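The values are calculated or read from the model by the stated rules, or taken from the named source; none is laboratory data. Everything numeric in this text was worked out from a predicted model, so none of it was measured. Glycine gets a Cβ as well: all are built from the backbone with ideal geometry, and neighbour counts include every protein chain shown. We work out accessible area using only protein heavy atoms, side chains counted, and drop any ligands, DNA or RNA first. Shrake-Rupley method; radii C 1.70, N 1.55, O 1.52, S 1.80 Å.
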Amino acid sequence: MAFKTSVQKYSGSIYNLELGTGENTLALGGQNVFPFYSFDGDTGSGTKIGLEILDVYPENWVKGLKELYGSVVGNTVEWAKYVEEKFAPDFICLRFEGADPNGLNKSFEECATLAKEVANAVKLPLVIAGTQNYEKDLKLFEKVAQELEGKNVLLLSAVEDNYKNVAAAGVTAYKHKVAAESSVDINLAKQLNILINQLEVKNENIVMNVGTAPVGYGFEYVASTIDRIRLAALGQNDKTLQMPIITPVAFDTWDVKESASTEEDSPEWGCQEERGIAMEVSTAASVIAVGSDAVVLRHPRSAETIRALVNNLK
Amino acid sequence: MAMSGLDIYKLTPKTNCKECGFPTCMAFAMKVAAGGVEISKCSHMSDDAMAKLSESTAPLMKIVTFGKGEAECKLGGETVLFRHEKTFVNRNRFAVLLSDAMSQEQIDAKIANMKNVDYVRIGEEMKAEIAALQYVGNKDAYLALINKVKASGLKVAYMLVCADVSVLKDALELVKDELPIVFGANSNNYQEMVALVKELKLPLGLKAPSLSELYDLVENVQKLDYKELLLDISNASAREAFTNAVQIRRTALKEQDRTFGYPSVVFVNELAKGDKFMEVALASLFTMKYGSLIVMDDMDYTRALPLFGLRQNIYTDPQKPMRVEPEFYPINNPGDNSPVLITVDFALTYFVVSGEVERSKVPAWMGIPDAGGYSVLTAWAAGKFSGSVIAKFIKESGIESKTKCRKLIIPGKVAVLKGDIQDSLPDWEVIIGPDEAMHLPKFLRTMEGIN
Ligand code: B12
Ligand code: SF4
């Protein structure tokens, strides 16, 4: 017998979605196969990589990274420009850490103004991340969406408790895209998508954020959830699960001990910055391997590595 | 190919004697096909029929074993393409590559890292389990390298990466007792290679320039009646390697073609071309998708911490969450003045938190109520780690007679529970701990009024 390539055809495919405007428009989705399975069919737009920036000085970020950015991190607009010019990611994720009610609790107006300044200063599409406090995010996203009308950004994320306002303001009123965030469970993901659909928001305007965990910390649940979502979307042609997936990897890989423990605390582990990059790279590569279409990363070295990885696999 | 119930029925004596416990041979055959009963339950099958059956009921992917004693490893034996369908069984293993072209300093540094990176995470030993010893052209240096690793005290399995049969003969003299992998059979040397390993049943690594040539090579080796095999998937590019990994596993499990029913070997060190982070990225990719033996350039903590954590996650059984018994656990020999910490019964959480309390050297009681085996926030969100669950546990567990200290430290992530617990336990002082366990040592050491 001779070897015959094993081909798996699926009836479903992932929706095409676009972020941003003009020549820097970013496409997500479009595939009808598992990631990098080009022997099966169309791999779509491929994996997109975003870099995280904050509305405040990144106090808790690892020293080497603060040094790498130098003085630009003191000014979010300059920071965004620098990231665009120097590292050319596919998108920039502007995260409003300073709006957190348990922190600086910045006002909605202040945040929205900053978002607008950043959006006007860069050409790359923006992903706007909130505080993970659903009440605050509700208003924050409404205001930011209004200020950024026409910029076609992604609001990360709407959750069960605030999706009505976030999706209605973000998508219906101001024509942005919304990320539907659920907690590592296929049924919850599906349910939230359906609820958002019921607001007359079409699938082409929704991205899923199905939860994230660093490798070693419950990552298997994330992996199996995405596997199951993709099998349902492609294999069973389940329209309520055919949105592209975004994973904000950076939001927790830098907090676990492997990344956060200093060299004084764990001398045997070696360079803290390298450990942080490795945790971020490993989590990103793994979540891309199961099907995440976009990842938010913190360290430019991680972004460079993941970019090379996906290019090598194309 | 798998046999249908009808195929199996044709092999039975068709006498319906019922000795197997089934009313008819047909009923029995159907059950065998469904995997519900062993064929050996029928004692009337001919030898010929048995041979045919054992061939087709053998697992689709072979388990390959190598390494001696403590260093023994098993690879393969997988039955599903996605872990949620059942579980992944034999975790992938990591090898570090050493060669006769490396300087003594390079070799020493890699051996030192392999020794240094050896720790326990949730009850499992984490280390590079294999020394991959590559022959590049200097036979004396190669044999010296083997002796050096043997003398180093490393408890690892060996993999001889060499396509030169005469060199291998001498190399094997040095390590055959360690039951090494012999890697490097190709379409030119496979006959000699099989002859070399057959007696000891050592796993043989096969290498070919393309997937279809690899397939032919496996068939040729199988014709020599040898089935202890590992398949190299590396080839020229990451893209090809990934395609090969998926195609090999799929051919075995989905197409049920045992020609590719063997574990894979991937030389991530070569694909990453010296870029450490690329090596981490590729090793993660192949841990997720179908790499069985992953060869690395080195194993330091930067690589180990994510990779071993990932592997441990992916190879847990999705049907059985890892839990610890709800109970009070003494840490650092606590006495009747030691404080109480509360966490959940998820094994990972317990492991992380108890490790930090140990590191603090502060004697403490660690209380674990039944929280459904979930992490702190998951259990809280599921209603299994509430103020009343914790208060009830404190009252009923007998801890109040073990320690006079009335300080109760709760995880920072569930700070909202403080009020509830305090109301139910007025004698206790409920203290909100840090969000992350790594801050516990400092927190405990600087806490007033304990010990
Ligand atoms: C894996 C996971 C699951 C798995 C369960 C895994 C398990 N065995 O627990 C599954 C998929 C089953 C699951 C289910 C749910 N989940 Co869940 N899950 C996660 C996930 C991704 C990782 C959890 C994990 O393993 N963490 C690692 C462990 C080690 O963390 P930990 O226990 O908190 O311990 C740390 C600290 O708390 C601290 N610590 C621990 N103990 C102590 C003690 C003391 C004294 C101190 C000081 C410190 C301390 O140290 C540890 C390390 O630093 C998180 C998101 C995330 N990235 O964290 C969501 C998350 C916890 N889940 C969430 C939710 C809502 C749920 C569900 C309720 C969803 C639903 N509606 O069905 C269900 C609940 C279960 C049920 N069936 O009812 C939410 C909780 C939201 C919130 N803030 O309350 C989260 C945060 C996701 C999110 N962002 O929405 N989940
Ligand atoms: S024991 Fe064998 S021969 Fe007898 S009924 Fe069962 S299958 Fe048929």
How big is D for region B:5-57, in µm² s⁻¹ as a whole number, if Stokes-Einstein is applied with the Kirkwood radius of its Cα pairs at 25 °C and 0.890 mPa s? 230 µm²/s
May I ask for the accessible area buried between chains A and B, both sides summed, probe 1.4 Å, to the nearest 100 Å²? 4600 Å²
Please quote Rg/Rh for region B:76-118 to two decimal places, taking the Kirkwood radius as Rh and restricting both calculations to Cα atoms. 1.27
Any lysines with Cα under 26 Å of the B:LYS18 Cα? List them, leaving off those in the same chain fewer than 8 positions away. B:LYS10, B:LYS31, B:LYS41, B:LYS52
Cα shape, chain A, gyration tensor, a/c 1.5 rule: oblate
Does anything in region B:394-422 have its amide N under 18 Å from the 7 Å Cα→Cβ label point of B:GLU358, and if so which residues? none
Given the C-alpha atoms of region B:76-161, compute the convex hull and give its volume per residue in Å³. 115 Å³
Quick one: compute a quarter of the convex hull surface over the Cα atoms of region A:83-226 and quote it in nm². 9.1 nm²
Relative contact order (%) - chain B, alpha-carbon pairs under 8 angstrom, separation at least six: 12 percent
Rg(Cα)/(2.2 N^0.38 Å) for region B:246-370, N = residue count: 1.50
In nm, spacing of pseudo-spin labels at A:GLN236 and A:LYS116 (7 Å Cα→C-beta vector): 4.6 nm
So what's the Cα pair-distance distribution over region B:340-418, bin width 10 Å, in %? 18, 54, 27, 1
Residues of region A:164-236: accessible area per residue at 1.4 Å, in Å²? 36 Å²
Leaving out ligands, DNA and RNA, and with a 1.4 Å probe, what % of the accessible surface on the protein assembly as shown is carbon or sulfur? 48 percent
At 7 Å along the Cα-to-beta-carbon direction for both A:GLU67 and B:SER401, put a label point, then send me their distance in nm to one decimal. 5.8 nm
Rounded to the nearest Å, what's the spacing between the alpha carbon centres of region A:66-111 and region B:206-270? Just the number, please. 47 Å
Residues listed by number, region B:305-336, amide nitrogen under 11 Å from B:ASP370 label point at 7 Å toward C-beta: B:326
Taking Cα centroids, how far is region B:130-177 from region B:346-412 in Å? 50 Å
Return, ordered by residue number, the residues of region A:136-166 whose backbone nitrogen is under 13 Å from a label point located 7 Å along Cα→Cβ of A:ALA173. A:138-149, A:164-166
Hydrodynamic radius by Kirkwood, which averages 1/r over all alpha carbon pairs of the protein assembly as shown, in angstrom: 28.5 Å
Log entry: pair-distance distribution for chain B, C-alpha pairs binned every 10 Å from zero, whole % per bin is 4, 17, 21, 18, 16, 14, 7, 1, 0
Projected-area average for region B:64-314 over all orientations - Cα convex hull basis, square nanometres: 12.5 nm²
Theoretical gain in end-to-end length, B:GLU38 to B:GLN222 [0.36 nm per residue, Cα-Cα removed]: 63.6 nm
In degrees between 0 and 90, to the nearest 10, how far off the longest principal axis of chain B does helix B:211-223 point, with axes built from Cα atoms? 70 degrees
Modelled FRET efficiency - R0 51 Å, A:LYS123 with B:ALA101, Cβ distances, 0.05 increments: 0.60
Dividing the mean separation of Cα pairs under 8 Å (6+ apart) by the residue count of chain A yields a relative contact order in percent of 19 percent
Members of region B:221-255 that become less accessible by 10 Å² or more once partner protein chains are added (1.4 angstrom probe, chain alone as reference): B:ALA238, B:ARG239, B:PHE242, B:THR243, B:VAL246, B:GLN247, B:ARG250, B:THR251, B:LYS254, B:GLU255
Can you give the angle from 0 to 90° between the axis of helix B:165-175 and the longest principal axis of chain B, with both taken from C-alpha atoms, to the nearest 10? 40 degrees
Does anyone have the angle between helix B:347-360 and the longest principal axis of chain B? Alpha-carbon axes, 0 to 90°, nearest 10? 60 degrees
Spin-label point model (7 Å from Cα, Cβ direction): what's the A:ASP265 to B:GLU55 distance in nm? 6.1 nm
